[in-house]
Amino acid sequence: MNDFIDNEKLISLVEARPPLWDKTLEIFKDRNATRIAWREVFLELRSDFDQLKEKEKNDYGYYKQMFYVKKSGRENGTIMP
């Protein structure tokens with residue numbers, strides 16, 4: 001992926017979608033809701049997200065995974081359930 005991702009914008013987009021981070025919400029457990037919220041974030045970052053090749057979409061999935069790793073504080077790279 002050659003495009004630069006603005007970390008501040010990414011953070012603000014995630015913060016604007018509590019289902020991605022607020023464990024006290026019932027919707028936090030809804031995989032479909034979180035999938036939709038992540039798609040909204042990616043579309044804000046790249047309006048052409050739906051047209052990206054599968055490899056490029058996987059790169060965005062990496063950012064999503066790193067968000068959960070950083071949030072969990074785990075150094076070994078595992079994602080908290």
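The values are calculated or read from the model by the stated rules, or taken from the named source; none is laboratory data. Everything quoted here is computed from the prediction, not taken from an experiment. All Cβ positions, even for glycine, are placed from backbone atoms using ideal geometry, and neighbour counts span all protein chains on display.
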Reported set for region 27-46 where residues are part of a helix (DSSP H, G or I) and in contact (Cβ under 8 Å) with a residue 12 or more places away in the chain is Ala33, Thr34, Ala37, Trp38, Glu40, Val41, Phe42, Glu44, Leu45
When region 4-25 is examined, which residues are found to be acidic (Asp, Glu) and not in a loop (DSSP other than H, G, I, E, B)? Glu8, Glu15
Here are some residues: Val41, Val14, Val69. Which one is surrounded by 14 or more Cβ atoms within 10 Å (Cβ to Cβ), of a type outside the set (Phe, Trp, Tyr) and at pLDDT below 80? Val69
